[in-house]
Amino acid sequence: METTTPPANIYEGNGQLSVAAPIPGAHPEHVEVVVTPTRVRVEATCKYAQDSQHYHRHDWRVGAWELGVDLPKQVDPGAARATLNLGVLVVMAPISERASGESRPVVT
């Protein structure tokens, strides 16, 4: 299965950074998120057979996704959260200059 990198938005508000990325066809149990103080990594696999479809137009892909983004500010990995709603994954973590380690928040 070919891996695709989705586009991502990174934004700041209420003392936290958020990374938002569309991953069509993904289910929370097939998404892994890793947060460190300076980076967010996402891997997802989508269980949707596209090979049997007869497409007349095929602009977006469902399959395997990988995303790695460097954050503009440090965050606290231990307080990170991840949600997947309507095909958009949002990973949120509070800004913190003293954080360390990594976390793997469960995607809800």
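The values are calculated or read from the model by the stated rules, or taken from the named source; none is laboratory data. Computed from a predicted structure; not experimentally measured. Positions of Cβ are generated from backbone atoms using ideal geometry, with glycine treated the same way; all protein chains shown enter the neighbour counts.
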- Message: Is it the case, given these coordinates, that A26 is surrounded by 15 or more Cβ atoms within 10 Å (Cβ to Cβ), aliphatic (A, V, I, L, M), part of a loop (DSSP other than H, G, I, E, B) and in contact (Cβ under 8 Å) with a residue 40 or more places away in the chain?
- Response: yes
- Message: Can you say whether V62 is at negative phi, assigned to a loop (DSSP other than H, G, I, E, B), in contact (Cβ under 8 Å) with a residue 12 or more places away in the chain and more than 9 Å from the chain's Cα centre (by Cα), as far as the supplied structure shows?
- Response: yes
- Query: Which members of the range 72-92 meet the condition of being under 12 Å from Y11 (Cα atoms), buried (at least 19 other Cβ atoms within 10 Å of the Cβ) and over 9 Å from the mean Cα position of the chain (by Cα)?
  - Reply: M92
- Query: From the residues in the range 98-108 that are surrounded by fewer than 19 Cβ atoms within 10 Å (Cβ to Cβ) and not small (G, A, S), which one is farthest from the chain's Cα centre (by Cα)?
  - Reply: R98
- Message: Among the numbered criteria (1) free of Cβ contacts under 8 Å to residues at least 60 places away in the same chain; (2) surrounded by 14 or more Cβ atoms within 10 Å (Cβ to Cβ); (3) over 16 Å from T4 (Cα atoms), which one does I95 miss?
- Response: (1)
- Query: Does E43 satisfy being of a type in the set (D, E) and either in contact with a Gly (Cβ under 6 Å, 6 or more places away or on another chain) or part of a strand (DSSP E or B) (or both)?
  - Reply: yes
- Boolean, V69 is at pLDDT below 95, surrounded by 14 or more Cβ atoms within 10 Å (Cβ to Cβ), aliphatic (A, V, I, L, M) and more than 15 Å from T108 (Cα to Cα): no
- Which of the residues that make up the range 81-108 are modelled with pLDDT under 95 and among the basic types (K, R)? R98
